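First comes the structure, then the notes that go with it.
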Protein chains: 2
Amino acid sequence: MARVTIQHVAQAAGVSPSTVSNFLNDRQGRMVAATRARIEAAIAELGYRPNRAARQLRNGKTQTVGLVVPSVGNPFWGAFAHEVEVAALALGCSVLLCNSERDPERERRYVEELWEDGVRSIILCTSLPSLDHVSHVIEEGLRLVTFDRPAQPNDPQSVVSISIDNNVGGQVATAHLLELGHTSIAFVSGSIRSVNRSARYRGYCDALEAAGLSVADMPQWTGMDASHFGDVEAAEVGRAAARDLFADPTNAPTAVVAINDMTALGFCRGLRDLGLKVGRDVSVIGFDDIILADLYDPPLTSVRQPITRMAQLAVSEAIERGSNESTDPGSSVLLRPELVVRESTEHVPSAARP
Amino acid sequence: MARVTIQHVAQAAGVSPSTVSNFLNDRQGRMVAATRARIEAAIAELGYRPNRAARQLRNGKTQTVGLVVPSVGNPFWGAFAHEVEVAALALGCSVLLCNSERDPERERRYVEELWEDGVRSIILCTSLPSLDHVSHVIEEGLRLVTFDRPAQPNDPQSVVSISIDNNVGGQVATAHLLELGHTSIAFVSGSIRSVNRSARYRGYCDALEAAGLSVADMPQWTGMDASHFGDVEAAEVGRAAARDLFADPTNAPTAVVAINDMTALGFCRGLRDLGLKVGRDVSVIGFDDIILADLYDPPLTSVRQPITRMAQLAVSEAIERGSNESTDPGSSVLLRPELVVRESTEHVPSAARP
DNA sequence: TGAAATCGGTGTAACGATGCACTGACCATA
DNA sequence: TATGGTCAGTGCATCGTTACACCGATTTCA
């Protein structure tokens with residue numbers, strides 16, 4: 001059963017391969033309706049599907065979009081990857097999956113390899129402040145969409161970002177805790193040297209200051225810089241933070257803003273290790289609103305990222321802008337996060353702390 | 001900056017493109033050491049990387065392995081996909097990701113598309129008892145590795161399976177609950193019409209019978225057949241099951257074997273809705289041992305699948321057997337699952353049930 | 001010593017799709 | 001009736017790599 005090629009279709013339709021090619025590439029104005037119909041019929045009858053490799057070889061592009069995430073093992077990234085695949089499928093594209101493990105060098109290598117393999121659209125979930133490590137590929141024409149990393153002042157013009165407003169998110173989360181009467185609020189994160197993380201942190205600081213509180217007075221977890229954990233181990237960060245913060249009860253917070261839900265969940269687990277109850281003893285708020293936030297006991301309050309919408313935006317920016325040959329400069333999007341209040345945040349305990 | 005092709009390398013090394021091609025394809029016995037060295041040097045100096053599209057067009061194969069999972073949005077599949085990517089990377093392959101949503105038709109379409117796009121190795125995470133829907137592609141030479149679905153008697157010869165022994169898993173889980181004194185144990189699952197699920201169920205039945213108990217006497221959850229939920233919504237199944245099973249307290253179990261951790265977690269959430277406490281009131285055991293099992297409150301007892309090992313096996317079967325042109329018939333693997341006891345399972349409450 | 005085998009390497013025709021330059025046929029205008 | 005302009009469609013070279021057939025120069029051995 002030999003492959004059916006464009007020649008077979010041409011023969012069956014009584015035209016030349018060129019005409020079939022024109023048909024396939026939407027240059028249909030160049031032919032009369034009857035021809036179009038004959039070609040259509042021939043394609044259907046023979047079950048013809050264009051050969052990707054040949055197309056790619058000829059015009060140097062794939063219909064594939066590259067997706068570079070820190071790790072699909074992390075439920076948040078898994079969920080995002082899922083949405084990306086769904087959105088790409090709807091536009092007739094496949095998704096090539098890469099896990100960077102948040103290693104800039106791996107990011108660079110993946111982006112370069114994808115580029116050299118003809119992938120012209122990449123959704124890069126990076127947290128690095130600078131895109132220097134991939135800028136030379138961008139200059140050559142890569143359509144890069146960064147996710148979870150808002151556009152930065154000195155990003156190349158063509159780069160599009162899809163992200164929530166992390167600063168607002170940090171503020172909303174912190175404000176929520178303040179409204180519940182908390183005045184001792186810690187911020188728990190792994191390494192903060194990333195665009196979105198520092199934005200969330202700034203939001204936290206802003207909200208505290210707006211309430212007349214000083215960040216310096218808050219319990220600090222200093223383990224964050226030492227963190228060498230990847231995204232899969234995000235929960236370990238939270239667990240360690242709980243252990244450390246409550247080692248000295250006089251310095252213990254009554255509430256915590258965690259950098260994401262996995263870390264928040266790890267923190268909750270750490271509290272449990274210490275015999276403390278989430279909500280009643282310590283309020284915990286996370287980021288992302290992964291499925292498990294709602295499943296947890298107690299259900300976790302979280303700042304939601306609308307990943308379905310974000311994935312659709314990312315994919316359409318990556319693919320459709322590609323077809324227009326960058327006619328428009330591309331528009332970065334900064335979505336408003338949404339606070340989802342559940343039971344892990346409660347009023348500050350009125351009784352004196354032990 | 002034009003692409004550097006095999007011709008450039010040939011010219012730089014003072015040989016013909018054919019020789020460079022021979023070099024690249026490990027037919028190095030056909031040339032003298034000095035030539036080999038010159039080619040090596042030229043490749044290094046020019047930074048030559050073979051063009052995948054051209055290679056694929058020429059010999060009809062990719063270096064890509066297809067991965068079809070129900071949904072990477074489910075943490076278990078996300079974690080597995082991660083391990084697969086890591087293992088594939090180590091062997092120099094990329095991973096093309098597809099979500100079947102457990103829809104046989106989508107499975108078929110994905111497998112066919114991958115095949116037609118030159119992908120010759122696919123890891124298919126399916127639960128369907130029959131592989132008929134993809135058998136014609138297998139006959140054409142696809143190397144198919146099924147995961148989470150043990151080999152079936154009438155599978156095509158060339159198909160390799162990587163799975164845990166689900167029957168044993170079901171037995172181990174159930175035996176654990178029996179040892180804790182439970183005699184009213186329900187089995188909670190979405191649609192059971194899948195190989196691994198029914199094996200787990202049989203294991204559950206076997207363990208009960210071995211203990212002199214009758215499955216018919218156990219509380220039954222009948223919602224399972226009606227379930228139309230996908231893998232992302234697995235938790236919903238558990239939640240619904242809890243609601244239904246405890247609607248009639250006289251029929252309520254003291255322990256539950258859930259088909260997987262997500263469903264178990266959903267069940268725990270459902271118990272919470274009802275004001276019941278996991279462990280103390282009702283013991284819950286899951287399958288898979290996803291990261292979140294350990295994070296949960298209480299930490300979830302689970303039957304572990306060694307996914308790192310399994311992913312490595314799957315990838316090496318998919319890729320390396322490919323290179324040997326099926327010299328050996330391929331060996332299916334049935335790994336022994338491991339029970340991980342945590343705190344969601346406790347002794348049956350001695351007090352009379354309400 | 002002559003025929004055959006081996007060695008190290010080359011020439012060439014594909015793989016399938018594409019897009020530019022082109023060709024007739026037809027129509028409109030001067 | 002020349003001239004020019006559309007229109008519908010075609011021919012061909014090309015993308016980068018590979019496998020097969022082939023070639024000249026040694027070496028082997030009967």
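The values are calculated or read from the model by the stated rules, or taken from the named source; none is laboratory data. Predicted, not measured: the structure shown is a model, and the values here were computed from it. Here the Cβ positions follow ideal geometry from the backbone for every residue, glycine too, while neighbour counts run over all protein chains shown. These area figures cover heavy atoms from the full protein model, side chains too; ligands, DNA and RNA do not enter into them. Shrake-Rupley method; radii C 1.70, N 1.55, O 1.52, S 1.80 Å.
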Which of the lysines could a cross-linker bridge to B:LYS277, judged by Cα under 30 Å and excluding same-chain residues fewer than eight apart?
A:LYS277
Each label point is 7 Å from the Cα along the Cα-to-Cβ direction; what then is the distance between the points at A:ARG30 and B:ALA210, in nm?
7.1 nm
Restricting region A:1-75 to trypsin sites (Lys or Arg not before Pro) in coil, as DSSP defines it, with at most 16 other Cβ within 10 Å
A:ARG3, A:ARG27, A:LYS61
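Specify the longest stretch of chain B that does not include any exposed loop site, a site being one of the GluC sites (Glu not before Pro) with a non-H, G, I, E, B DSSP assignment and at most 14 other Cβ atoms within 10 Å.
Details: sites that count: B:GLU140, B:GLU325.
Excluding the exposed sites themselves, the longest stretch runs over B:141-324.
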Placed amide H near B:ASP297: partners under 5 Å, 5+ positions off or other chain
A:ASP297
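With an 8 Å Cα cut-off and a minimum separation of 6 or more residues, compute the relative contact order for chain B in percent. Working shown, then result.
On the way: 660 pairs, mean separation 57.5, N = 354.
Answer for chain B is 16 percent.
Averaged across the residues of B:76-89, what count of C-beta atoms belonging to other chains lies within 10 Å of each residue's C-beta?
Values: counts 2, 3, 14, 7, 3, 8, 14, 3, 3, 7, 4, 0, 1, 4.
Rounded to a whole number, the mean comes out at 5.
With a 1.4 Å probe and all protein chains left in place, how much accessible area per residue does the protein assembly as shown have, in Å²?
Details: 29060 Å² over 708 residues.
Ligands and nucleic acids excluded, the figure is 41 Å² per residue.
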Would you mind telling me which residue in A:PHE80, A:PHE246, A:PHE147 has the biggest mean-square fluctuation in a Gaussian network model of chain A, where springs connect alpha carbons within a distance under 10 angstrom?
A:PHE246
Tell me, for the rotation carrying A onto B, which chain A residue has the beta-carbon closest to the axis and what that distance is in whole Å.
A:GLY78, 1
Using only Cα atoms, tell me the angle between helix B:234-245 and the longest principal axis of chain B; keep it within 0 to 90° and round to the nearest 10.
10 degrees
Testing the spin-label approximation: label points 7 Å from Cα along Cα→Cβ at A:GLU139 and B:GLN152. State their distance in nm.
5.6 nm
Karplus (6.51, -1.76, 1.60) ³J(HN,Hα), θ = phi - 60°, over region A:193-202, in Hz, Gly and Pro reported as x
6, 8, 4, 6, 5, 5, 5, 4, 5, 4
Relative contact order of region A:6-50: what whole-number percent is it, with Cα pairs under 8 angstrom and at least 6 residues apart?
46 percent
Applying the Karplus parametrisation 6.51 cos²θ - 1.76 cosθ + 1.60 with θ = phi - 60° to the phi angles of region A:40-47, what ³J(HN,Hα) value in whole Hz is obtained for each residue in order, glycine and proline being reported as x?
4, 4, 4, 4, 5, 5, 7, x
In degrees, nearest 10, range 0 to 90: what is the angle between the Cα axis of helix A:166-179 and the longest Cα principal axis of chain A?
30 degrees
Where both residues lie in chain B, what percent of DSSP beta bridges are antiparallel, nearest 5?
10 percent
Nearest-first distances (nm) between copies at B:THR5, label 7 Å from Cα via Cβ:
1.8
Taking amide hydrogens as modeled 1.01 Å from N in the peptide plane, which residues meet the under 5 Å criterion relative to A:LEU335, leaving out close sequence neighbours?
A:SER163, A:ILE164, A:ASP165
Could you give each residue of region B:100-115 its phi-based ³J(HN,Hα) in whole Hz, using Karplus coefficients 6.51, -1.76, 1.60 with θ = phi - 60°, and x for Gly or Pro?
8, 6, 6, 9, x, 5, 5, 4, 4, 5, 4, 4, 5, 4, 4, 4
Chain A: angle of helix A:307-323 to the longest principal axis, Cα-based, in degrees nearest 10:
30 degrees
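Provide a whole-number value for the mean count of partner chain Cβ atoms within 10 Å of the Cβ atoms in peptide A:133-140.
Numbers: counts 0, 0, 0, 1, 0, 0, 1, 1.
Average neighbour count from other chains, rounded to a whole number: 0.
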Search the structure for amide H atoms under 5 Å from the amide H of A:ASN74, placed 1.01 Å from N in the peptide plane, and list their residues when 5 or more places away or on another chain.
none
Dipole magnitude of region B:52-182 about its Cα centre (Cβ charges: Lys, Arg +1; Asp, Glu -1), debye to nearest 20:
520 debye
Which of B:ILE43, B:ILE164, B:ILE123 ends up with the largest GNM mean-square fluctuation for chain B, with Cα atoms connected below 10 Å?
B:ILE43
Modelling each spin label as a point 7 Å along the Cα-to-Cβ direction, I'd like the B:THR250/A:ALA247 distance in nm, to one decimal.
5.8 nm
Ascending list, in nanometres, of distances separating the B:SER214 label from those of the other copies (7 Å, Cα toward Cβ):
7.5
May I ask you to list the residues of region A:153-189 whose amide nitrogen lies under 18 Å from a point 7 Å from Cα along the Cα→beta-carbon direction of A:ARG336?
A:163-176
Compute the Cα gyration tensor for the protein assembly as shown, then decide on rounded, prolate or oblate, letting a ≥ b ≥ c be the square roots of its eigenvalues: rounded whenever a/c is under 1.5, prolate when a/b is larger than b/c in the other cases, and oblate in all that remain.
oblate
I need the calculated FRET efficiency for the pair A:THR5 and A:SER316, taking r as the beta carbon distance and R₀ as 25 Å, to the nearest 0.05.
0.20
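Under the classification rounded if a/c is under 1.5, otherwise prolate if a/b is larger than b/c and oblate if not, where does region A:166-305 fall, given a ≥ b ≥ c as square roots of the Cα gyration tensor eigenvalues? Walk me through the intermediate numbers first.
Numbers: a/c = 1.18, a/b = 1.10, b/c = 1.08.
Rounded is the answer for region A:166-305, as its axis ratio a/c remains below 1.5.
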Give me a single rounded figure for A:233-246: the average over its residues of other chain Cβ atoms within 10 Å of their Cβ.
1
Over every pair of different alpha-carbon atoms in region A:6-50, take the mean of 1/r and invert it; report that Kirkwood radius in Å.
10.0 Å
Fraction of alpha-carbon pairs in chain A farther than 27 Å apart, rounded to whole percent, equals 53 percent
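Quick one: pull the percent of accessible area on chain A belonging to carbon and sulfur, 1.4 Å probe, ligands and nucleic acids left out. Could the numbers behind the result be given before it?
On the way: 7260 of 14520 Å².
Reported share for carbon and sulfur atoms: 50 percent.
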Is the shape of region B:89-159 best called rounded, prolate or oblate, per the rule: a/c under 1.5 gives rounded, else a/b larger than b/c gives prolate, else oblate, with a ≥ b ≥ c the square roots of the Cα gyration tensor eigenvalues?
rounded
In debye, nearest 20: dipole of region A:166-305 around its Cα centre with unit charges on the Cβ of K, R (+) and D, E (-)?
20 debye
Quick one: among B:ALA53, B:ALA12, B:ALA247, which has the greatest mean-square fluctuation in a GNM of chain B with alpha-carbon springs under 10 angstrom?
B:ALA12
Packing-based ranking, highest mean first, of B:282-292, B:150-160, A:274-284 given that Cβ atoms within 10 Å are counted:
B:282-292, A:274-284, B:150-160
